[in-house]
Amino acid sequence: MGTSPIIGKKTILIPQNEALGAVGVGSLVKNGTSPEQIVTFLEMGLLHILDGYYPFREIKHSSSVPTLLPGRRLRKYFVPLLMRRGSPYALGQSWNGLSWSQIVNPGIYRGKYIVVHGVDALQQP
């Protein structure tokens, strides 16, 4: 029997307030939300939890990182200088301007089991 994917060290990518407002997260949790919208919201959450402990220096040296959404990894991208809002690195599913999140506040929190980075966009499932 395998262990739960929730147990163990994790990295959490926290979207900043502007990112949450841009996709209308509040509208996903109101009354009358469809089951499909709820599943999408949960999948979005799992894409923002990395299965492992990745301080910023580890992300710099990784080409991709696993998420808690089964079978999904986020690749590391180098952000061009003119597009930078924080660190020179972004994590995402593709570099198309829509499916990556720039790490704007690395190391917001760092504990024994959890590290948290602020990002500027939500990953879409």
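For this structure, a couple of remarks:
Residue by residue, here is whether (1) modelled with pLDDT of 90 or more; (2) of a type in the set (F, W, Y) holds:
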| residue | (1), (2) |
| --- | --- |
| S62 | no, no |
| P70 | no, no |
| R85 | no, no |
| A90 | no, no |
| G97 | no, no |
| W100 | no, yes |
| I103 | no, no |
| K112 | yes, no |
| D120 | no, no |
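- Qualifying residue in the stretch 46-54 (condition: part of a helix (DSSP H, G or I), modelled with pLDDT of 75 or more and either out of contact with any His (no Cβ under 6 Å at 6 or more places or on another chain) or open to solvent by less than 30 Å² (accessible area, probe 1.4 Å) (or both)): yes
The values are calculated or read from the model by the stated rules, or taken from the named source; none is laboratory data. Values in this document were obtained by computation on a predicted structure and should not be read as measured data. Positions of Cβ are generated from backbone atoms using ideal geometry, with glycine treated the same way; all protein chains shown enter the neighbour counts. All accessible areas refer to the heavy atoms of the entire protein, side chains included, with ligands and DNA or RNA removed. Shrake-Rupley method; radii C 1.70, N 1.55, O 1.52, S 1.80 Å.
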